[in-house]
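Below: one structure, written as structure tokens.
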Amino acid sequence: MERDDEASGPMMEMCTNGGEETSNRRPIISGEPLDIEAYAALYKGRTKIMRLLFIANHCGGNHAIQLEALRMAYDEIKKGENTQLFRDVVNKIGGRLGDKYGMDSAWCEAVDRRAEQKKGKLENELSSYRTNLIKESIRMGYNDFGDFYYACGMLGDAFKNYIRTRDYCTTTKHIIHMCMNAILVSIEMGQFTHVTSYVNKAEQNPDPLDPIVIAKLRCASGLAHLELKKYKLAARKFLDVNPELGNSYNEVIAPQDIATYGGLCALASFDRSELKQKVIDNINFRNFLELVPEVRELINDFYSSRYASCLEYLASLKANLLLDIHLHDHVDTLYDQIRKKALIQYTLPFVSVDLSRMADAFKTSVSGLEKELEALITDNQIQARIDSHNKILYARHADQRNATFQKVLQMGNEFDRDVRAMLLRANLLKHEYHARSSRKL
């Protein structure tokens, strides 16, 4: 390979990792099977159950992981009041975990009976509040109904009741509470347009918000942008989350998720200077990255042009990322964008690149690399041409000498035009020539 400033010199020896000798490279943390118990412990409430069920449904042929996820989901559901979800999990288990994890009809009947009683009590209380026209009591009544339906798994009814509290909110705190409940249920339902709407409503509040509330709103907004594949906007939201958030929003997202989602979205969408300024030098986000060393290291490797190491980290993480309920649909797209950025960044400093060495750096075949580079050249993301016979990529850098001459000529022409205009004006003033516009009376 040859650098621009050494275009006439011999081809430079480059390590296959794009910048650092492989013998000095940090060891890769191998991708270990997901520790479901440790993973589930990061969350609470409904999202914990839904993440476990997602793992059970997407773990492929790994029956051990599937059964472990279903077992934990079964135990977690029995702590709540969602009998329909309980029946679904029992059907999925199908007797594979023994009688202990079979259908518990007595429990279902007892929970359903208590739910009916509670519903009747809430209806009576709400009816009484509405008769007496007590706004705060009516708000609390609808809020209790929302909590009841949410616990029973009736998300649509829960959302309706939370929204009904809006007409009875009398303070900023009430409005924020309504928005946070609406956001939580909307995330569970996958209605991310509602999430964005209620995040904006909460942020438009005239009173200053609590830092933890702001952090939660940024997380919710980040998830909404991620779902809409607006990765740059998602990255900015996750990068701005205050580390004070800690585990206080684990009914939706864990601190480790913030590091992973934010880091991958930033890699896929930020340029080199943004990556340095907004990720690597971001003290707040560094606290989250410390929780996921693999993501921290792959970001540093990418910025330092250690592409083989970066890609190995990504490969080691992929299996577990595909089991993430929010990231699952975006892993392939993010990985593809990160790889393309790495290919582009690898070729930028050089006039010519040996495709064999570049293929080694990116752990691929020369023919496969050629196809990737062809796509980038066709898409005008790399200014280069490929010598398929000698397997060399030649960069088409702009002719700086010619560009300088063109710029000088343009400046000369502009100067000549400006001087002529000044002389013309001076002569007109000298001969007292004034153009007067005719005025209609």
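Just so you know, all these numbers are worked out from the coordinates, no wet-lab data involved. What you see is a predicted model, and the numbers here were worked out from it, not measured in a lab.
Mind listing the long-range amide H neighbours of V351? Cut-off is under 5 Å, sequence gap 5 or more, other chains count too, H placed in the peptide plane at 1.01 Å from N.
Result for V351 returns E2, R3, D4.
Restricting things to Cα coordinates, could you compute the convex hull volume per residue of region 168-233 in Å³?
80 Å³
Of K79/K229; K318/K341; K79/K173; K232/K407; K341/K407, which ones are farther than 27 Å apart at the Cα?
Correct reply: K79/K229; K79/K173; K232/K407; K341/K407.
Using Stokes-Einstein with the Kirkwood hydrodynamic radius over Cα pairs, what translational diffusion coefficient do you get for region 32-164 at 25 °C and a viscosity of 0.890 mPa s, in µm²/s rounded to a whole number?
148 µm²/s
How much mean residue ellipticity at 222 nm does the chain get from its helices, if each DSSP H run of length 4 or more adds -39500 (n - 2.57) and you divide by all residues, to the nearest 500 deg cm²/dmol?
-20000 deg cm²/dmol
Taking θ as phi - 60°, what are the ³J(HN,Hα) couplings along region 376-386 by the Karplus curve (6.51, -1.76, 1.60), each to the nearest whole Hz, with x for Gly and Pro?
In residue order, the calculated couplings are 5, 5, 4, 7, 6, 8, 10, 8, 6, 9, 10 Hz.
Give me, ordered by chain and number, the residues 5 or more places off A384 or on other chains with an amide H under 5 Å from its own placed amide H.
Amide H neighbours of A384, under 5 Å, 5+ apart: R396.
Out of all Cα-Cα pairs in region 150-197, roughly what percent, to the nearest whole number, are more than 16 Å apart?
When every Cα pair of region 150-197 is considered, 34 percent fall beyond 16 Å.
Within the P(r) computed for region 205-306, what percentage of the Cα pairs occupies the region above 16 Å?
I get 52 percent for the Cα pairs in region 205-306 exceeding 16 Å.
Explain nothing, just compute: Karplus ³J(HN,Hα) = 6.51 cos²θ - 1.76 cosθ + 1.60, θ = phi - 60°, for every residue of region 420-430 in order, whole Hz, x for Gly and Pro.
Couplings: 4, 5, 5, 5, 4, 5, 4, 5, 4, 5, 4 Hz.
Determine the alpha carbon to alpha carbon distance for each of K48/K276; K135/K160; K44/K135 and list only those over 24 Å.
Cα-Cα > 24 Å for K48/K276; K44/K135; rest within.
As I understand it, the value is the acute angle between the Cα axis of helix 331-347 and the longest principal axis of the Cα atoms of the chain; what does it come to in degrees, rounded to 10?
Helix 331-347 sits roughly 20 degrees off the main axis of the chain.
With a cut-off of 8 Å between alpha carbons and a minimum separation of six or more residues, what is the relative contact order of region 54-131 in percent?
Relative contact order for region 54-131 comes out at 21 percent.
Can you work out ³J(HN,Hα) from phi for every residue in region 236-249, in order, using Karplus 6.51 cos²θ - 1.76 cosθ + 1.60 and θ = phi - 60°, giving whole Hz and x for Gly and Pro?
4, 5, 5, 5, 8, 5, 6, x, 4, 4, x, 9, 6, 10
Provide the gained length on full extension for the span A106 to S304, in nm with one decimal, where the gain is 0.36 nm per separating residue minus the Cα-Cα distance.
65.2 nm
Per the Kirkwood treatment, what hydrodynamic radius in Å, one decimal, follows for the chain from the mean inverse distance over all distinct Cα pairs?
26.6 Å is the Kirkwood radius here.
Does region 275-416 come out rounded, prolate or oblate, given a ≥ b ≥ c as the square roots of the eigenvalues of its C-alpha gyration tensor, rounded meaning a/c under 1.5 and, failing that, prolate meaning a/b above b/c?
Verdict is oblate for region 275-416.
Using Cα-Cα distances under 8 Å and only pairs 6 or more residues apart, what relative contact order does the chain have, in percent?
16 percent
For region 96-214, take N as its residue count and report Rg(C-alpha) divided by 2.2 N^0.38 Å.
Expressed relative to 2.2 N^0.38 Å, the Cα Rg reads 1.29.
Roughly how tilted is helix 63-77, in degrees to the nearest 10 and between 0 and 90, from the longest Cα axis of the chain?
60 degrees
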